[in-house]
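*Asks:* Just dropping this structure here.
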Amino acid sequence: MSYTGDVTAGGPADVRELPDLTISKVEVGDFGNNAYLLRCRETGDGLLIDAAADGTRLLELIGDMPISKIVTTHRHQDHWGALAEVAAATGAETVAHPLDAPGLPVPVTRPVEHGDRVTVGVVTLEVIHLRGHTPGSIALLYQDGHLFTGDSLFPGGVGNTQGDAARFEQLIGDVQERVFARLPDTTWVYPGHGKDTTLGAERPSLPEWRSRGW
């Protein structure tokens, strides 16, 4: 079966096999959060994006193979509900932007800024700071083709800015400049909740998003 990104709470992981990286997506928690396990195919090292909830489920997903890092995309509690449990069980580095780090339940051992690189085995991911949903929201980019966006970009729009016009302008500006302006339409988007999408599917709607203000 080919990867679709369609997962359900309690259901199996959807797994995408890339030449250098395996991506496993699961849904956890009461808010339909997505968690992503990235594993380097050469070394076996792993990286978890958003230990959102259900630590037992996430540790089962990780299994007996190591993970060296847990990346938290932003400070909202539904994205770190199992962070302390998974970090304690795995000994993994905790990674987040310093502006959101104070809102997390464990110390951030690896603060990252826009343009920084995070490795998993021999694979390198680029950090993209997308300000607006929270001050320190980040996305992770792999090879200009796979973008893990947290709650900053979804099918149908950018993340919630609670009706704050300044925050919305910051987020839509960052998404346009730092994502759509530099990445191809084929880039696959892995969001923090719900179904996946591509930049090509969303690009025609950018003017509508900006005009509606959310």
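Readers should treat all values here as calculations from the given coordinates under stated rules, not as data from a laboratory. Treat the numbers as computed from the prediction; the structure is a model and nothing was measured. Methodologically, a virtual Cβ is constructed for each residue, glycine included, from the backbone with ideal geometry; neighbour enumeration extends over all protein chains shown.
*Asks:* Considering the chain as a Gaussian network with a 10 Å cut-off on Cα pairs, which listed residue, Asp78, Asp14, Asp116, attains the greatest mean-square fluctuation?
*Replies:* Taking springs between Cα atoms under 10 Å, the residue moving most is Asp116.
*Asks:* Which of the chymotrypsin sites (Phe, Trp or Tyr not before Pro) found in the range 1-53 are in a DSSP loop and have at most 12 neighbouring Cβ atoms, other than their own, within 10 Å?
*Replies:* Listed in order of number, the matching sites amount to none.
*Asks:* Starting from the range 42-107, pick out the GluC sites (Glu not before Pro) whose DSSP state is loop and whose Cβ has at most 15 other Cβ atoms within 10 Å.
*Replies:* When the GluC sites (Glu not before Pro) of the range 42-107 are filtered for loop state and at most 15 Cβ neighbours within 10 Å, Glu42 remain.
*Asks:* Give the separation of the Cα centroids, the range 191-206 to the range 43-86, in Å.
*Replies:* Taking the Cα centre of the range 43-86 as reference, the centre of the range 191-206 is 24 Å away.
*Asks:* Right, here's the next one. Over the chain, with a Gaussian network built from C-alpha contacts below 10 Å, which listed residue (Gly150, Gly200, Gly192) shows the highest mean-square fluctuation?
*Replies:* The residue with the greatest mean-square fluctuation here is Gly200.
*Asks:* Once you place label points 7 Å from the Cα toward the Cβ at Gln143 and Thr186, how far apart are they in nm?
*Replies:* Inter-label distance under the simple model: 1.0 nm.
*Asks:* Continuing with the same structure: I want to make sure I understand the PRE zone here: with the label point 7 angstrom from the Cα of Met65 toward its beta carbon, which residues in the range 26-59 have backbone N atoms less than 12 Å away?
*Replies:* 37-48, by backbone N distance to the label point.
*Asks:* Answer with one residue from Tyr190, Gly29, Ile138: the one whose Cα lies farthest towards the positive end of the charge dipole of the chain, charges on Cβ with Lys, Arg +1 and Asp, Glu -1.
*Replies:* Checked the options; the winner is Ile138.
*Asks:* When N counts the residues of the range 153-195, how does its alpha-carbon radius of gyration compare numerically with 2.2 N^0.38 Å, as a ratio?
*Replies:* For the range 153-195, the normalised Cα radius of gyration comes out at 1.21.
*Asks:* With each run of n ≥ 4 DSSP H residues scored as -39500 (n - 2.57), what mean residue ellipticity at 222 nm is computed for the chain after dividing by its residue count and rounding to the nearest 500 deg cm²/dmol?
*Replies:* Value at 222 nm, helices only: -4500 deg cm²/dmol.
*Asks:* Please figure out what share of the DSSP beta bridges in the range 14-212 is antiparallel and state it in percent, rounded to the nearest 5.
*Replies:* Expressed as a percentage, antiparallel bridges in the range 14-212 total about 75.
*Asks:* Give the relative contact order (percent, whole number) for the chain; include only Cα pairs under 8 Å separated by 6+ residues.
*Replies:* 15 percent
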